[in-house]
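Chemist: The structure under discussion is supplied below as structure tokens; questions concerning it will follow.
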Amino acid sequence: MATAQTRRSFLKIASATLATGALPGQGNPARQKPNAQDAVQLPPLHNVPTEGPEKSPSPTEPYSQRVGYAIVGLGDLALKEILPAFGASKYSKAVALVSGDKVKATRIAAQYGIKEASIYSYESYDELAKNPEVQVIYIVLPNSMHADFVVRGAKAGKHILCEKPMSTNVRDCERMISACNQANVKLMIAYRQQYEPMNRAIVKMVKEGKLGALKSFVATNAQNQGDPGQWRQKLALAGGGCLPDVGVYCLNAARFISGEEPTEVWGTTYQPKDDPRFTEVEETCSFTLKFPSGLIASCSTGYGAHRSQFLRMEGEKAWAELNPAFGYSGLKLRTAKLEDAQNVTIEPMIESVDQFAQEMDHMSVCVQQNLQPHTPGEEGLQDQRITDAIYKSAKTGNSVKLSPPAKPTRGPDPMES
Ligand code: NAD
């Protein structure tokens, strides 16, 4: 375990990681404290030298000035995570709903104070163009539906936040990027883990060389999938099984934590013959990614195992892991290194955030300040290229070589929470 001194010094690093203020390229730092000049000054509660100031959230934007979102698809994620997350957001508000179920949408609209006139069907979706309250459309539909709804949303002149995986094939990803470019609107893929502070702390450690040269990345993201009738088990709607749905978290983490792009991939899939859940898609997938620096990522993902979520980046000087990783909450960061000839393991204390509020607020700040999102369409396209290569390798039994992406896949770093 950590010595007291080590723990203290690491907490310092952790709190530095948490410090507010924009990273380079994020624009005007004053933007993160809207109306700070108007804040009411309160007398200190604990006016004694041993009590530091209480940590409190920074001021939120007045409701009228927040960026308005239309949520498309009122399924599990939209209802359980995204709509509640507006309550934790600072710059974003829900102002419209798009659903195939008018009765459900009307109930949800009443719950969130959304006007009945701002409820749309999938057919009347394009009329969002005439709703000035909507600045961003958030696509939360089955994977193969993302492309058409992104293209239609861009034609309606709205910025787009699209759930992962971006789509089910490279051609659709390119079509989505091109439609948003043509309409001059922003496209962000909702890679929530890239905005989450513990993941960002590992990225920072890597960038600052704290792990030394990267050697190995290991990750797993598995869950036991139930209902065989759901769209996730239909190839045409999902684009694959566990790999594009949950394996993409391991794939994306290997890329954004290392900051590298793989040059060669190997994949293996298993699709049982006698399980009605897996008549169209794989149950299990394992894949290896080789990166230019010599880093090798070994990842596994599954739809048949008990929930298992873990990642570890191993460098020659230290390692950092999230166990569990990838979930909406309850992530745990640990890191180990050699100090004074002893192996010390440290658990930096970094507070959890609402990851959906965090990612939506990033999009909102990008819209308000005309910045490129940190995870634009190119980031989703690159994951799709690699996903295709993993499937190709699994089919042929050979490795597949990958050329570097044509354009940088990430925008400026997000501001820290
Ligand atoms: P879900 O099945 O719970 O919801 C899908 C919604 O799409 C439902 O409201 C459904 O009525 C609607 N829909 C419209 N046409 C449909 C069709 N032809 N077939 C099936 N549903 C149809 O799915 P979900 O879990 O909310 O996932 C939605 C998207 O969000 C997916 O792209 C998924 O990968 C993504 N997702 C992301 C996270 C994350 O952590 N970022 C978590 C879960 C899901």
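The values are calculated or read from the model by the stated rules, or taken from the named source; none is laboratory data. Please read all numbers here as calculations on a predicted model, not as lab measurements. Here the Cβ is made from the backbone with ideal geometry for all residues, glycine too, and neighbour counts use every protein chain on show. Protein only, heavy atoms only, side chains kept; ligands, DNA and RNA dropped before computing areas. Shrake-Rupley method; radii C 1.70, N 1.55, O 1.52, S 1.80 Å.
Let's see how each residue does on (1) under 16 Å from the mean Cα position of the chain (by Cα); (2) open to solvent by 10 Å² or more (accessible area, probe 1.4 Å):
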residue: Thr301; (1), (2): no, no
residue: Met313; (1), (2): no, no
residue: Met363; (1), (2): yes, no
residue: Gln368; (1), (2): no, yes
residue: Thr375; (1), (2): yes, no
residue: Leu381; (1), (2): yes, yes
residue: Ile386; (1), (2): no, no
residue: Lys395; (1), (2): no, yes
residue: Pro408; (1), (2): no, yes
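Chemist: Say whether the condition of being closer than 14 Å to Pro197 by Cα and at pLDDT 95 or above is met by at least one residue in the range 362-369. Working first, answer last.
Modeler: Here is the first cut: in the range 362-369, the ones closer than 14 Å to Pro197 by Cα are 362.
After this cut, where a residue has to be at pLDDT 95 or above as well, the list is 362.
The answer is yes, given that some residue of the range 362-369 is closer than 14 Å to Pro197 by Cα and at pLDDT 95 or above.
Chemist: Now for a separate question. Where the second residue is within 15 Å of the ligand (Cβ to nearest atom) and among the hydrophobic types (A, V, I, L, M, F, W, C) and the first is under 30 Å from His159 (Cβ atoms) and part of a loop (DSSP other than H, G, I, E, B) and lies in the range 333-362, which pairs have Cβ atoms under 8 Å and are six or more apart or on separate chains?
Modeler: Every condition considered, the pairs that remain are Ser352/Leu331; Asp354/Ala85.
Chemist: Here are Tyr125, Tyr120: which of them is within 14 Å of the ligand (Cβ to nearest atom), more than 22 Å from Ala357 (Cβ to Cβ) and open to solvent by less than 20 Å² (accessible area, probe 1.4 Å)?
Modeler: Working: Tyr120 fails: open to solvent by less than 20 Å² (accessible area, probe 1.4 Å).
After applying the criteria, what remains is Tyr125.
Chemist: State which residue pairs qualify: first residue under 17 Å from Val367 (Cα atoms) and open to solvent by 10 Å² or more (accessible area, probe 1.4 Å) and inside the range 133-157, second residue acidic (Asp, Glu) and not in a strand (DSSP E or B) in any location, beta carbons under 7 Å apart, and separation of 6 or more residues or different chains.
Modeler: What qualifies is Ala156/Asp126.
Chemist: Say we look at the range 265-299 and pick out the residues that are among the charged types (D, E, K, R) and buried (at least 16 other Cβ atoms within 10 Å of the Cβ); which of these is farthest from the chain's Cα centre (by Cα)?
Modeler: Ranking the qualifying residues of the range 265-299, first place goes to Arg277.
Chemist: Follow-up question, since we're still on this one. Keeping to the range 105-117, report how many residues are within 15 Å of the ligand (Cβ to nearest atom) and under 27 Å from the mean Cα position of the chain (by Cα).
Modeler: Qualifying residue count, the range 105-117: 3.
Chemist: Collect the residues in the range 232-261 that are open to solvent by 10 Å² or more (accessible area, probe 1.4 Å), within 12 Å of the ligand (Cβ to nearest atom) and not in a helix (DSSP H, G or I), keeping them in residue-number order.
Modeler: Lys234, Gly239
Chemist: I would also like to ask the following. Within the range 206-220, track down each residue that is over 12 Å from Ser258 (Cβ atoms) and crowded, with 21+ Cβ neighbours inside 10 Å. Can you show your working first?
Modeler: Kept after step one, since they are over 12 Å from Ser258 (Cβ atoms), are these residues of the range 206-220: 208-210, 212, 218, 220.
Result: Thr220, single match.
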